[in-house]
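Structure record follows, encoded as structure tokens.
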Amino acid sequence: MEGKVVLVTGGGRGIGAATSKLLASRGAKVVVNFAQNGDAANHVVKDITGSGGQAIALQADVRNDVQVSNMVSSILDIWGTVDALVNNANMSFAMKPIAEMTWDEFAQKLNDEMKAAFLMTKAVTPIMAAKHYGRIVYVASGLARRPTRRMSAHGSAKAALVQFARYVAEEYGSQGITANIISPGLVMTEATRFQPEENLKRIASLTPLGHVATPEDVAQAIAMYCSDGCQFVTGTYVPVNGGMSMD
């Protein structure tokens, strides 16, 4: 990753923060995107630069085309290119049974998830295609394939993201761009703190590798697909769940 410019959306916390730090440790110049929590993003940047790496924090709501365009323009002004995109920004969603959910609640997650992926993809692919090189990693969820109660909005949106990524892989492969899907199971982040301790223990006991994933576990898989080591791999769906589900 030496010298590569990588944009990590939602890079200030959880999986995004762990990915930003790992890629920077491997020589990448990392753009830590954030929507609102600038303090968290700047903390990640401080950790990276304090360890001798290169990183900047840039604000943009990745559902807003103007903000996305301005962010990418800033990256080009600073570092001249974008080599890789980690599409990771978390979108809030309603956790309800379908019977209790409104269409607007369901559609909000679908629209936010796909608009973010669509806008970010459209923003970086012309840059990548111009040099016949690019790596895109979309962070999905195991819920895209394995339904769980009260998670229909999230799981359906992530399933749509998985298929979108495959279309990106098919359409942009001839332009030197790969697109792959990382699909975590349960990961210990701020977004999953609602999980009861007994549920975490149960999941760990059902996982062949014996523990619930950390953000760093997922970051390792993302980094692999950002690297040149996966130059002939595209359109893949990669579960990162310790073997709990072997898709």
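The values are calculated or read from the model by the stated rules, or taken from the named source; none is laboratory data. This structure is a prediction, so every number in the text was calculated from the model and none was measured. Cβ sites come from the backbone with ideal geometry, for glycine too, and all protein chains shown count toward neighbours.
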Requested in this report: Would you kindly identify the helices (runs of 4 or more DSSP H) lying entirely within region 134-247 that contain at least 3 residues that are without any contact (Cβ under 8 Å) to a residue 24 or more places away in the chain?
Outcome: 152-172, 197-206
Query raised in the report: Can you name the residue in region 170-203 that is closer than 11 Å to TYR138 by Cα and among the small types (Gly, Ala, Ser) and is also modelled with the highest pLDDT among such residues?
Result: ALA179
Query raised in the report: Taking region 122-177 only, how many residues are closer than 30 Å to ALA99 by Cα, touching a Ser or Thr at 6+ places or on another chain (Cβ under 7 Å) and of a type in the set (D, E, K, R)?
Result: 2
Query raised in the report: Within the group ALA99, ALA140, which residue is within 24 Å of LYS4 (Cβ to Cβ) and of a type in the set (Gly, Ala, Ser)?
Result: ALA140
Query - Test for THR125: is it polar (S, T, N, Q) and in a helix (DSSP H, G or I) - result: yes
Requested in this report: Consider LYS131 carefully, then state whether it is of a type in the set (Lys, Arg), at pLDDT 95 or above and either under 16 Å from the mean Cα position of the chain (by Cα) or buried (at least 16 other Cβ atoms within 10 Å of the Cβ) (or both).
Outcome: no
Query - Subset of region 43-57 [touching a residue at least 24 places away in the same chain (Cβ under 8 Å) and surrounded by fewer than 21 Cβ atoms within 10 Å (Cβ to Cβ)] - result: HIS43, ASP47, SER51, GLY53, GLN54, ILE56
Report summary line: Over region 2-12, the set of residues at negative phi and buried (at least 20 other Cβ atoms within 10 Å of the Cβ) is LYS4, VAL5, VAL6, LEU7, VAL8, THR9, GLY11, GLY12
Report task. Scan region 150-169 residue by residue and report those that are crowded, with 17+ Cβ neighbours inside 10 Å and at pLDDT below 95. Result -> MET151
Query raised in the report: Just checking, which of LEU23, LEU58 is on the phi < 0 side of the Ramachandran plot and in contact with a Cys (Cβ under 9 Å, 6 or more places away or on another chain)?
Result: LEU23
**Report entry** Failed item in (1) touching an Asp or Glu at 6+ places or on another chain (Cβ under 6 Å); (2) modelled with pLDDT under 95, with PRO147 passing the rest
**Finding:** (1)
Query raised in the report: Looking only at residues in region 192-247 that are of a type in the set (A, V, I, L, M) and within 14 Å of the chain's Cα centre (by Cα), which one is nearest to ARG166 (Cα to Cα)?
Result: VAL238
